[in-house]
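Written below as structure tokens is the structure these notes are about.
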Amino acid sequence: MNIKLPLALLSVAVLAACGDNKAPEADATAVAKAVANTPADIAASYDSINTEQLIEHVKVLASDEFAGRAPSSLGEKLTLEYLTKEFEAVGFKPGNGDSFLQEVPLVSLEASTDMALSIGGKDYQYGPDMVMSSSRITELSELKESELVFVGYGVNAPEYNWNDYEGIDVKGKTVVILVNDPGFATQDPALFTGNAMTYYGRWTYKYEEASRQGAEGAIIVHETAPASYGWDVVKNSWSGPQFGFQRDDLNKDRVAVEGWVNVDVATELFAKAGLDFATAKANAAKGSYNVDMGDLTASVTVKNTIKHSVSNNFIATLPGTENPDEHIIYTAHWDHLGTDITKQGDQVYNGARDNATGTGALIEVAEAFSKLPQKPKRSITFLAVTAEEQGLLGSKFYAANPVIPAAKTVANINMDALNVNGKSKDVAVYGLGQSQLDDYLTVAAKKQDRVISGDPSPAAGIYYRSDHFAFANIGIPALYAKGGAQAADEATAALRAKLDPILKSCYHGLCDEYSTEWDLTGAVEDMQLFFEVGYKLSNDGAWPQWSKTSEFKR
Ligand SMILES: [Zn+2]
């Protein structure tokens, strides 16, 4: 290991720090120097990462036996046993004292679907028209003739001088909200962050803000484009037990009832209120906006079945040789949607791509570190979190109860739904420009003759939809990237033309299963990238920083 390396990287960082506050532009010569300085002795580790082993892990984790890996299920037990066996086999130590586990106390709430939403003299059906639930940890939550108010995007963003709740009191009322944000609606780059979704566009934010405003009910209007997924995803994800944290206040500060209606129902409701949905939607994108929906009221009763359970985050560490208290943390969620016994035929949501690939990648990258002739100076920790599909719960719990102090955590590298459709010329970074981790990635990608590209679907707000977000929220620079849209060659482009529509339709579906059609060579390149970034960070003593424009701070 020669001195020059950190210096070279340092110069990239310094350049970034004193440049404008756009994503740090990696200095080409410094990058080339850093690449040339890649120590040879990581080659064996680098090359140990391969498709065969990843396929083995995916086949096990996404097998029907693992039953879709629902939290607090037999699938959880089998997954944790598998991770323990695999990490012990590559010499990793328990990461939480003498345990590989961090308990995550969960409460599951399952709303019975025999409900109807009554508005304007009509009963809307659960499933085809709407989905409703309650996060309140009580058996019965209801809306009784609750007045409907349309609040546009339901955003209260002082930094954008925008407040859809301005001038109204929604206490005891039910707010109707559009999904995504005005920037997406107008495609105006000067509005919010234009096409790139802000956290204000996420469904989680809509319910959080409606609750802060004291509303009794909150109903989001589903439209496929702004939501970036179809009504089926809403139906599948909202049905069945919904997990949350056990809370002393029983979530009383949350709206009593929260849910979605599809756009056809919304259009009908606006007409009933003497309004026009398209016009109201257009007004909502022009500035802070809200309007009463005539004398329409909503009534619905949500009967919750409450179950308390404990799930687990899995944590394993390779202690550093010089700074063992400083850690690089790799994450991937091990959980998926489980098994739906009400289904005919196939009942298992195997979650092969989402996220048996990422969980398998944790093991593969860990093995690469274990093969290093010289162990890293800093510690390398692998954290497989639970209940990501339930709202990033495992990572949120970890962030609220960090086993490794945030101040001692150098960076987080998250892996979720790796590429299964071959190699890419580019590496897409979700949240590009957020931090100096982009530098490290640029250097490592160069070695693979790959370039860095931005978020391929900024409108979907992916940076807020996986476990790195919890780390970013406690100030730890977090990287979430994978092979981008530029197919490496014609054969790969042809494979993608065939495979991508299937992969898209299988997102959170029963058909997210391992296929021999998959090409994991792109995933291998990405794992090698993540390994190299972590390896560099584990030896260079640097503390990557957030960029000035980032909404996150160390
Ligand atoms: Zn996932």
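Over the chain, what percent of the accessible surface lies on carbon and sulfur atoms, probe 1.4 Å?
On the chain, the fraction of accessible area on carbon and sulfur atoms equals 54 percent.
Excluding C506 itself, calculate the net charge of residues whose Cβ lies under 14 Å from the Cβ of C506, where each Lys or Arg counts +1 and each Asp or Glu counts -1.
For residues surrounding C506, the net value is -4.
Let a ≥ b ≥ c be the square roots of the eigenvalues of the Cα gyration tensor of the chain; is it rounded (a/c under 1.5), or, if not, prolate (a/b larger than b/c) or oblate? Working shown, then result.
Details: a/c = 1.88, a/b = 1.55, b/c = 1.22.
Prolate.
Calculate the FRET efficiency for K371 and D489 from the Cβ-Cβ distance with a Förster distance of 35 Å, rounded to the nearest 0.05. List each step's numbers first, then the result.
On the way: r = 30 Å, r/R0 = 0.85.
So, using R0 = 35 Å, E works out to roughly 0.75.
If amide H atoms are built 1.01 Å from N in the plane of the peptide, which residues on other chains or at least 5 residues away come under 5 Å of the amide H of A116?
T301
Return one whole number: the accessible area per residue of the chain in Å², for a 1.4 Å probe.
Per residue, the chain has 38 Å² of solvent-accessible surface.
Going highest first, how would you order 346-353, 500-507, 207-214 by mean Cβ packing within 10 Å?
Peptide ranking by packing, descending: 346-353, 207-214, 500-507.
For the ranges 327-333, 435-441, what's the packing order if you count other beta-carbon atoms within 10 Å of each residue, average per peptide, and put the highest first?
Order by mean packing, descending: 327-333, 435-441.
Measure off 7 Å from each Cα along the Cα-to-Cβ vector at Q187 and E56, then give the distance between these two points in nanometres to one decimal.
About 4.9 nm, to one decimal.
Can you compute the modelled spin-label distance between K171 and T342, with each label point 7 Å from Cα toward Cβ, in nm?
Label at K171, label at T342, 3.7 nm between them.
What does the range 109-306 give for Rg and for Dmax, in Å, if only its C-alpha atoms count?
In order Rg, Dmax, the Cα atoms of the range 109-306 give 15.7, 45 Å.
Given an 8 Å cut-off on Cα distances and at least 6 residues of separation, report the relative contact order of the chain as a percent. Don't skip to the answer; put the middle values down first.
On the way: 1241 pairs, mean separation 117.6, N = 554.
Once divided by the residue count of the chain, the mean separation gives 21 percent.
Step through the residues of the range 332-345 one at a time and calculate ³J(HN,Hα) from phi using the Karplus curve (6.51 cos²θ - 1.76 cosθ + 1.60, θ = phi - 60°), rounding each to whole Hz and writing x for Gly and Pro.
Using θ = phi - 60°, the values come out as 6, 8, 8, 8, 8, 7, x, 10, 10, 6, 7, 7, 7, x Hz.
The values are calculated or read from the model by the stated rules, or taken from the named source; none is laboratory data. Bear in mind the structure is a predicted one, so any value in this text is a computation, not a measurement. Here the Cβ is made from the backbone with ideal geometry for all residues, glycine too, and neighbour counts use every protein chain on show. For the accessible areas, the whole protein counts, side chains as well, though only heavy atoms, and no ligand, DNA or RNA atoms are used. Shrake-Rupley method; radii C 1.70, N 1.55, O 1.52, S 1.80 Å.
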